[in-house]
Amino acid sequence: MKKVLLGTIAVIALAAPASAADLAARPYVKAPPTVIPIYDWGGFYIGINGGGGFAHQCWDVVNTAGVVVAPPVGMGCRNATGGTVGSQIGYR
């Protein structure tokens, strides 16, 4: 009985590697690409800004058809200028 049991165990032990011979090779798995950290713009900040503009406009009297009234009557001209300046400071 011991010989039969020992023989059965030997057959099973030797058959296991042979059964793995018909398996497909493991698929090649490429490593995921390295993630480059994105700059988060966090921290203290300080800044200034400014802007400006100007305009020159003259008006004339026109009728509903869009034709200048004869004799042309000038409504006047206007010059406009302006500007803005600002600053900011903070932490994000």
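If I filter the stretch 37-61 down to residues being within 27 Å of the chain's Cα centre (by Cα) and assigned to a loop (DSSP other than H, G, I, E, B), which single residue comes out as modelled with the highest pLDDT?
Restricting attention to the stretch 37-61, the residues satisfying the condition of being within 27 Å of the chain's Cα centre (by Cα) are 37-49.
Next cut, assigned to a loop (DSSP other than H, G, I, E, B) only: 37-43.
On the way: 37: 81, 38: 81, 39: 78, 40: 79, 41: 78, 42: 83, 43: 89.
The extreme case among them is 43.
For the condition modelled with pLDDT under 80, in a loop (DSSP other than H, G, I, E, B), of a type in the set (Val, Ile, Thr) and out of contact with any strand residue (DSSP E or B) (no Cβ under 9 Å at 6 or more places or on another chain), what is the one hit in 34, 64? Outline the logic, then answer.
On the way: 34 fails: modelled with pLDDT under 80.
Of the residues listed, the single one that is modelled with pLDDT under 80, in a loop (DSSP other than H, G, I, E, B), of a type in the set (Val, Ile, Thr) and out of contact with any strand residue (DSSP E or B) (no Cβ under 9 Å at 6 or more places or on another chain) is 64.
The values are calculated or read from the model by the stated rules, or taken from the named source; none is laboratory data. All figures in this text were calculated on a predicted structure; none of them were measured in a lab. FYI the Cβ positions are ideal-geometry reconstructions off the backbone, even for glycines, and counts take in every protein chain you see.
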